[in-house]
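Structure first, commentary second.
The values are calculated or read from the model by the stated rules, or taken from the named source; none is laboratory data. Quick caveat: nothing in here was measured; it's all calculated off a predicted structure. We place every Cβ from the backbone using ideal geometry, glycine too, and count neighbours over all the protein chains shown.
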Amino acid sequence: MLDSQSLAIWSFGMQAAAYAGAAIVFLIGIYQYRRGQIYKRASLLLDLVELFESDKRIRVACTMIDWDRREIPLEDGRTLKFENRLLVSALRTPPMDTDFTADENAIRDAFSAFLDFFQKIDSLWASRILRFKDLQYFYYWFELVHECQRYKKDADVHKRLHQFIDTYRFVWMRRLLERYGEMRARNPQEYELPI
């Protein structure tokens, strides 16, 4: 039979074991929750990348950002004979949007889709569902837009693209570019693309 001191020690040991077990279960729960959040973020990012890559208008804008001259198939079956001068003309911001050619309208629609896509990205980032480092897939496009003059070697393209962003209040893209610019300023070599 146990004396009262032994019983107190045994009771204390059982309570300590129970608390330790509860702490272990709690830590396991936190670990599983974090893993679940990582999985959800990864799944969301995969969906966003799929949307970005499958939208034909976004692909047209990406091609124009990436190239200086190229034949680009459009959604309506036409082929756009793209060059930077056409981009400069299409992205002008007159008081009324009435005097654009069919090719210029296709370019404007493509850039609107491209920039609108980043509203989704900015919303997810601003609400902390995604971290900025989660957006690494898009850094290439941030770099080309942020440093457009460097890669296009055409100050007019840079001016018109950024004027288009500001005039039509694509503020989410501007916020993303500012955040990207802050990161880039700390270590430009990490983000620069070979020319």
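Brief remarks follow.
- Scanning region 168-195 for residues that are charged (D, E, K, R) and either within 13 Å of Gln136 (Cα to Cα) or touching a Gly at 6+ places or on another chain (Cβ under 7 Å) (or both) gives Arg179, Arg184, Glu190.
- The set of residues in region 80-98 being of a type outside the set (A, V, I, L, M, F, W, C), under 26 Å from the mean Cα position of the chain (by Cα) and within 15 Å of Asp109 (Cα to Cα) consists of Arg92, Thr93.
- Residue within region 66-79 that is within 18 Å of the chain's Cα centre (by Cα) and either touching a residue at least 40 places away in the same chain (Cβ under 8 Å) or assigned to a helix (DSSP H, G or I) (or both) present: yes
- If the condition is being closer than 21 Å to Val60 by Cβ and of a type in the set (A, V, I, L, M), then region 98-153 contributes Ala102, Ala106, Ile107, Ala110, Ala113, Leu115, Ile121, Leu144, Val145.
- Any hit, region 85-101, residues being touching an Asp or Glu at 6+ places or on another chain (Cβ under 9 Å), over 19 Å from Ala113 (Cα atoms) and assigned by TED's automatic domain parsing to the domain that holds Cys148: yes
- Taken residue by residue, region 167-179 has at least one member that is exposed (fewer than 14 other Cβ atoms within 10 Å of the Cβ), closer than 27 Å to Ser89 by Cβ and among the polar types (S, T, N, Q).
- Test: residue in region 1-13 that is surrounded by 10 or more Cβ atoms within 10 Å (Cβ to Cβ), of a type outside the set (Gly, Ala, Ser), more than 24 Å from the chain's Cα centre (by Cα) and at pLDDT 80 or above: yes
- In summary, helices (runs of 4 or more DSSP H) completely within region 151-195 and bearing 2 or more residues that are within 23 Å of Glu104 (Cα to Cα) occur at 155-167, 171-186.
- Among the residues of region 151-162, the one identified as modelled with pLDDT of 90 or more and exposed (fewer than 14 other Cβ atoms within 10 Å of the Cβ) is Ala155.
- Just one of the listed residues (Ala61, Ala106) is under 18 Å from Asp156 (Cα atoms) and assigned to a helix (DSSP H, G or I), namely Ala61.
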